[in-house]
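The values are calculated or read from the model by the stated rules, or taken from the named source; none is laboratory data. Owing to the predicted nature of the structure, the values given are computational and were not obtained by experimental measurement. Cβ atoms come from the backbone with ideal geometry, glycine included; neighbour counts cover every protein chain shown. Please note that ligands, DNA and RNA were not included when accessible areas were found on the heavy atoms of the full protein model with its side chains. Shrake-Rupley method; radii C 1.70, N 1.55, O 1.52, S 1.80 Å.
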Amino acid sequence: MRSVNQLVHTRTRVGRRHALMPLEGYPPSRLPTWPDAQVKVLASPALGAQFVQYLIDLPTGKRGSFAAEAGLETFFHVLSGSGQFQDGAGKKMAIAPGHFGLTPPDTSTTFIAADALRLLVLRKRYESAPGVALFRGIYGNEADVPKQVWAENPHSLLQTLIPDELTFDMAMNIFTFDPGFGLPVVETHVMEHGLFFLQGKGLYYLEDRWMEVEADDFIWMGPYCPQSFYATGPAPARYLYYKNVNRDVAI
Ligand code: UGY
Ligand code: MN
């Protein structure tokens with residue numbers, strides 16, 4: 001919250017196929033299954049996205065859950081805090097910063113905060129494909145996921161949290177760019193992104209404009225939104241982004 005002496009000028013931009021939304025602009029809401037949490041709905045179909053992404057602040061000692069819902073898969077990533085995760089398929093794990101998981105459709109997910117948890121959660125309708133078996137839940141910590149040199153440039157590193165296998169219809173990746181480095185072209189593609197900026201700052205190209213971005217910004221990029229990025233400032237820039245992958249286009 002800004003002080004009463006400050007201006008309300010904003011970097012927020014919402015367009016037909018992109019949005020840049022710094023966190024300060026989201027009023028928190030509550031959800032029936034997360035009664036004690038402050039929830040920010042970062043992206044939803046109302047924006048144009050074909051997924052729902054949440055930022056959830058769960059206070060110490062509290063719990064929240066998503067019920068099993070037909071066809072909906074659930075990804076989570078722990079930004080801060082610690083506690084317990086369990087899903088309706090019997091998976092249980094202690095969670096701390098960097099832990100993530102992807103739970104298959106029709107399975108509940110529950111979180112209990114030992115120390116105030118800040119979670120990113122993304123839910124979408126799983127797209128099955130003929131001859132492709134449904135995935136099993138996958139869980140880990142970003143610290144254990146190798147940083148691979150991306151685009152033949154050791155100043156741009158990519159971590160692929162979900163294996164690039166046909167059974168998965170989504171990617172969740174973390175980019176780390178040294179200052180001055182980024183995407184070498186303006187990309188334009190059918191896949192959409194939900195992007196949470198984790199660290200540092202930089203310039204993001206969205207649609208037809210360069211925009212300043214920094215930690216705690218959320219960006220939605222819809223299909224065919226022209227996009228590019230380079231890191232500025234003294235520290236590497238890191239962002240976690242969702243991408244729908246591995247499926248044909250319904251016509
Ligand atoms: O995977 C991607 O499409 C990625 N290079 N896009 C992005 O970072 N905006
Ligand atoms: Mn992209």
*What shape does the range 143-244 take by its C-alpha gyration tensor, where a ≥ b ≥ c are the square roots of the eigenvalues and a/c under 1.5 counts as rounded, a/b above b/c as prolate, and the rest as oblate?*
oblate
*For the chain, give the magnitude of the charge dipole about the Cα centre (Cβ charges: +1 Lys/Arg, -1 Asp/Glu; no others), in debye to the nearest 20.*
560 debye
*Using the heavy atoms of the protein chains alone and a 1.4 angstrom probe, what is the accessible area of the range 143-244 per residue in square angstrom?*
43 Å²
_With a cap of 11 neighbouring Cβ atoms within 10 Å, and only residues DSSP puts in a loop, list the GluC sites (Glu not before Pro) found in the range 82-162._
E152
_Label-point separation, L23 to S80 (7 Å along Cα→Cβ), nm_ = 0.7 nm
*asked:* Only Cα pairs within less than 10 Å get springs; with that Gaussian network setup on the chain, which residue of L119, L158, L134 has the largest fluctuation?
replied: L134
*Mind jotting down the three principal axis lengths of the chain based on Cα atoms? Whole angstrom, largest first.*
52, 45, 36
*For T60 and S228 in one chain, what is 0.36 nm times their gap in residues minus the Cα-Cα distance, to one decimal in nm?*
56.7 nm
_Explain nothing, just the number: relative contact order of the range 27-126, from Cα pairs under 8 Å at least 6 residues apart, as a whole percent._
33 percent
*Return the lysines within reach of K243: Cα separation strictly under 30 angstrom, same-chain partners fewer than 8 residues apart disregarded; answer none if there are no such residues.*
K40, K91, K92, K124, K147, K201
